[in-house]
Structure formats: C-alpha cells, structure tokens
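A quick write-up on the structure given underneath.
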Amino acid sequence: MSSSGAVSRYEDHHERLWADVPAGVCPPDMRARLAFLLDHAPPGARVLDVGCGEGWFAAALARADRGAVGIDLAEEPLRRAREREPGLGLDLRRVSAHGEWPLADASFDAVWAGETIEHVADTAGVLSEVRRVLRPGGALVLSTPAHDPLTRLALGVSGRAFAAHFDPRSDHLRFYTRRTLAALLDDFRFELVRTRSIGGPPGARRTLLAAARRMRF
C-alpha cells in the first residue's frame with residue numbers, strides 16, 4: 001500500500017471513531033485542565049489546540065480573550081463544534097496525519113494538546129510540528145491519562161484491569177508517567193518541564209498535566 005493510502009485509511013479510522021462518540025459531551029476535568037492552560041497562555045496569546053475535537057477548549061480560549069486555532073484529523077468533530085458555537089467564528093481546520101501542518105513557523109505563543117498525545121502514532125512527527133509552529137520560548141501545555149503508582153500497581157495485580165487498560169483495539173497507543181513524559185519533552189528540546197496529576201485519589205489520579213517551554217535555540 002502507498003504511504004498516501006495508509007494515511008487516508010488512518011484518517012478514515014478517526015472519522016469512524018467520532019461516529020461512535022455522542023455529540024456534546026463536555027471533556028472530563030475540563031475546569032481544572034482549562035485553568036492550567038490559561039495559567040500558561042496569558043490574555044492575548046495565540047493558541048493552537050491540537051486534536052481539538054468538538055472545540056470545547058478552543059471556544060473557552062476565545063471567550064477568555066485568547067486567539068485560538070483548532071486542528072483535528074477528523075471533520076465530524078469540527079462540524080459539531082461549528083454547529084454548537086455558531087456565534088464565535090471558531091477557526092477550526094482539518095489537517096492530514098502526514099507531513100507539515102498548514103501553519104506558519106513560530107506563529108503561536110502556546111500549543112495545547114488535551115488528551116491527544118496518547119492517541120498519536122507518530123509522536124516524533126507531532127512534537128516536531130509543535131516545535132516548528134511555537135515561537136521560541138512559547139509554551140507547550142498538555143494533558144494525558146495519568147499512570148500514578150497505585151494505578152500501575154492495580155494494573156499489575158489484576159489481569160482483567162490490565163487487559164481492559166491495554167486493549168490492543170483501543171485508540172490509546174501510548175501510556176505516560178510523569179517521568180516518561182518529562183523525558184520525552186526533554187528529548188524534543190523543551191525546558192522548564194512541570195507536571196502534576198489531578199482527579200481521583202492521591203496516588204491514583206486520572207489526568208496528568210504538563211507544561212514546558214520551547215527552547216529558544
């Protein structure tokens with residue numbers, strides 16, 4: 001199969017995934033995740049929302065005096081976002097899973113990737129694009145499912161929990177801890193990496209938050 005054919009099938013797969021997702025479901029832990037994002041994207045900042053889905057965060061950024069552009073591999077969630085927020089004039093764009101995003105170099109003050117990086121097959125490609133579109137010193141802010149110590153312990157002792165969590169049919173392709181996520185961002189020349197976990201009991205949080213700065217050189 002040609003590379004273009006493989007990319008097309010990958011993008012079609014994302015469209016099919018969205019066909020099974022009910023419309024209008026607010027993202028989990030949105031209030032805490034949005035507060036974390038706004039802490040790293042001051043008023044007036046231009047923010048790229050990678051994997052924006054139905055545009056919940058792009059809409060919140062627009063209302064909070066941030067300029068937002070949302071990108072996603074699938075058209076269905078973008079259609080839903082435009083339908084839900086017709087008055088905001090959201091800038092939402094479908095992009096290809098292959099090659100550069102149609103965005104200028106160093107054109108964003110911050111990049112937000114909410115519950116996205118765990119779905120990415122080409123992590124290196126996506127982080128390279130994030131670096132390209134971020135201005136020097138710009139912020140990468142993201143969230144991904146947490147794998148705190150008690151969560152890892154539970155997965156180790158329960159065969160059923162392990163099988164469900166690492167189901168090969170799941171659309172989650174990567175699994176991060178604070179340490180592995182920080183090491184990944186360091187590899188791609190991000191600095192001042194800060195992480196914390198939210199949601200759920202101590203030691204078994206649901207969501208891992210991270211913020212880092214693109215190195216200036």
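Laboratory data are not the source of any read-out in this text; all were calculated from the coordinates shown. Given the structure is predicted, the values throughout are model-derived calculations rather than measurements. Here Cβ is always computed from backbone atoms with ideal geometry, including for glycine, and neighbour counts include all displayed protein chains.
Under 5 Å between amide hydrogens, built in the peptide plane, is the criterion, and for residue 146 it picks out 207, 208 among residues at least 5 positions away or on other chains. Exposure proxy for 198, 71: other Cβ atoms within 10 Å of each Cβ, ordered fewest to most, give 198, 71.
Per residue of the chain, the DSSP helices (runs of n ≥ 4 H) give a summed -39500 (n - 2.57) that works out to -11000 deg cm²/dmol at 222 nm. Rounded to the nearest whole Hz, the Karplus-based 3J(HN,Hα) values (6.51 cos²θ - 1.76 cosθ + 1.60, θ = phi - 60°) of the stretch 77-91 follow the sequence x, 5, 4, 4, 5, 5, 5, 6, 10, x, x, 8, x, 4, 8, with x at glycine and proline. Between the stretch 185-217 and the stretch 23-62, the alpha-carbon centres lie 16 Å apart.
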